[in-house]
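Notes for the one structure printed next.
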Amino acid sequence: MNSNQMAGGVRKAPENFVRGGDVGTVFAEARAGRRTFIRNAFAAAAAGAAAGTAIAQNARNVGEGDPNILELPAHSKGLGQPVAVEGYGKPSKYEANVQRRQSPGLTQTRQASVSFAPLQSLFGIVTPSGLHFERHHQGWWDIDPSRHRLMINGMVKTNKVFTMDELMRLPSVSRFHFIECGANTGMEWGNVAVPTVQYTHGMISCSEFTGVPLITLLEMAGADLKKARFILAEGADGSSMTRTIPVELITSGEVLVAYGQNGEMLRPEQGYPLRLVVPGVQGVSWVKYLRRIEVGDQPYATKDEAVHYIDLMPDGQHRQYTSIQECKSVVTTPSGGQMLLDKGFYNITGLAWSGRGKVKRVDVSVDGGRNWRTARLEGPVLSKCLTRFNIDWVWDGKPALIQSRAMDDTGYVQPTYQQNRAVRGTRSIYHNNSIQSWALREDGEVVNVQLA
Ligand SMILES: Nc1nc2c(c(=O)[nH]1)N[C@H]1C(S)=C(S)[C@@H](COP(=O)(O)O)O[C@H]1N2
Ligand SMILES: [Mo]
């Protein structure tokens, strides 16, 4: 079989060469077929060639006898599949590799658990809803929207209860935002813990959310916005997820009571039929299955705020209410577990974000931070949203250390592990936005490393 044809029912592309227990078969196949694959797919680029020349060499010349171009396949000669009569569309069977997965570094539980988004396989900035990471403290539910209610109470003139129909009649807005769990990259605080970017950074996703600004509902209830300082958001699942949110985020109009995600209703895993969207703030505050908002004048200090998502500082004190996700970035290709098949041209790509605003700049290093080049930011660059960056690179076949460093529009620069540990000590679990390093070995394998 020609190595460019599909094998094993999955697409062979660099971003899918993932090592380890997850898609090990693909990796083994990639290895076995490596020599032919190299010859056919990537022409060797002379060391030191300019990126332009190397790009040109990434396609083969006509006439190598490739049956994929010389012979008409069945799908060019016959009748295709009929249009859908009913049912929901699915990805190609060749993309079966691209899945949410549980981390090899965590205890495998079912309900109080997390599944990670396959960042290495995604393009652009939007996470397909079926690949959105999941974090449930007590499992997910598919709640009947006709029976779901949202109550607004506390420091309000009139307590209000909304049905979904009532909420969906109100003026709505649609906005692109990332959601990142405060525990994302948490396991890496100690040292290298997990092999791939799916597990180091996959507790982030980005969607277009549609809903009603929470301020509209508070005004309808006659909330005392002069005295109010915080709200409490409560979920309808068994975890009784409750979080305190400062009122400034709400009066700015940014916080949404959302029912839409990427053009359709929220997925059950994401809080169907209603969730809070709190742009820039850690995921735990984005309460799913939202059923109650209480308006108050002091933080609620609920159980989740006392034991989870707090930072143990070097002096032994806990830092509470660290809610904003600071500026961070990661190279998604080449990344841990992938395999570069030969020297030559590569598009280094990744994601950057900031809970404080827009990403201003991303620099990329291939020598462990000695030299940096500024990457292209692909539009749109939106506030509190993922930003895609790309940069051309010609690999000379020698070992390399690949890193990205983001800066946001407040001027804040993403710190190194050394800088973060100097402030945070060694016992943190949450809020790790350190610069990630991927080591590219001479044989083309990419592995997760931390620089001293
Ligand atoms: N009701 C409810 N809301 C919740 C949670 C939960 O378990 N129950 N988990 C929180 C946490 S810790 C995170 S990181 C995000 C995860 O959202 P996702 O599952 O849509 O990715 O939802 C938050 N909201
Ligand atoms: Mo979370």
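The values are calculated or read from the model by the stated rules, or taken from the named source; none is laboratory data. The structure displayed is predicted, hence computed values, not measured ones. In this analysis, Cβ positions are derived from the backbone assuming ideal geometry, glycine residues included, and neighbour counts consider all displayed protein chains. Please note that ligands, DNA and RNA were not included when accessible areas were found on the heavy atoms of the full protein model with its side chains. Shrake-Rupley method; radii C 1.70, N 1.55, O 1.52, S 1.80 Å.
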Checklist entry - If you check residue 244 against the conditions, is it surrounded by 18 or more Cβ atoms within 10 Å (Cβ to Cβ), outside any strand (DSSP E or B) and either in contact with a helix residue (DSSP H, G or I) (Cβ under 8 Å, 6 or more places away or on another chain) or not polar (S, T, N, Q) (or both)? => result no
Next on the checklist: So, in segment 340-375, how many residues would count as being at pLDDT below 95 and part of a loop (DSSP other than H, G, I, E, B)?
Outcome noted: 4
Checklist entry - For segment 153-236, which strands (runs of 3 or more DSSP E) that fit wholly inside it have 1 or more residues that are within 16 Å of ligand 2 (Cβ to nearest atom)? => result 173-180, 204-213, 230-235
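Every residue in segment 141-163 that is buried (at least 18 other Cβ atoms within 10 Å of the Cβ) and not charged (D, E, K, R), please.
Step one: list which residues in segment 141-163 are buried (at least 18 other Cβ atoms within 10 Å of the Cβ), which gives 143, 148, 150, 152, 154-156, 160, 162.
Listed by number, the residues that qualify are 143, 148, 150, 152, 154, 155, 156, 162.
I'd like to know if segment 323-344 contains one or more residues that are in contact (Cβ under 8 Å) with a residue 24 or more places away in the chain, among the hydroxyl-bearing types (Ser, Thr, Tyr) and within 16 Å of ligand 2 (Cβ to nearest atom).
As a first pass, look at segment 323-344 and keep what is in contact (Cβ under 8 Å) with a residue 24 or more places away in the chain: 323-344.
After this cut, where a residue has to be among the hydroxyl-bearing types (Ser, Thr, Tyr) as well, the list is 323, 329, 332-333, 335.
Narrowing further to those that are within 16 Å of ligand 2 (Cβ to nearest atom): 323.
So far as segment 323-344 goes, yes, one or more of its residues are in contact (Cβ under 8 Å) with a residue 24 or more places away in the chain, among the hydroxyl-bearing types (Ser, Thr, Tyr) and within 16 Å of ligand 2 (Cβ to nearest atom).
Among the listed residues 275, 267, which satisfies the condition of being surrounded by fewer than 24 Cβ atoms within 10 Å (Cβ to Cβ), under 20 Å from the mean Cα position of the chain (by Cα) and charged (D, E, K, R)?
Exactly one of 275, 267 is surrounded by fewer than 24 Cβ atoms within 10 Å (Cβ to Cβ), under 20 Å from the mean Cα position of the chain (by Cα) and charged (D, E, K, R), namely 267.
To keep it simple, each residue is scored yes or no on (1) within 16 Å of ligand 1 (Cβ to nearest atom); (2) touching a residue at least 12 places away in the same chain (Cβ under 8 Å); (3) of a type in the set (S, T, N, Q); (4) open to solvent by less than 10 Å² (accessible area, probe 1.4 Å).
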{"site": "170", "(1), (2), (3), (4)": "no, yes, no, no"}
{"site": "197", "(1), (2), (3), (4)": "no, yes, no, yes"}
{"site": "209", "(1), (2), (3), (4)": "yes, yes, no, yes"}
{"site": "231", "(1), (2), (3), (4)": "yes, yes, no, yes"}
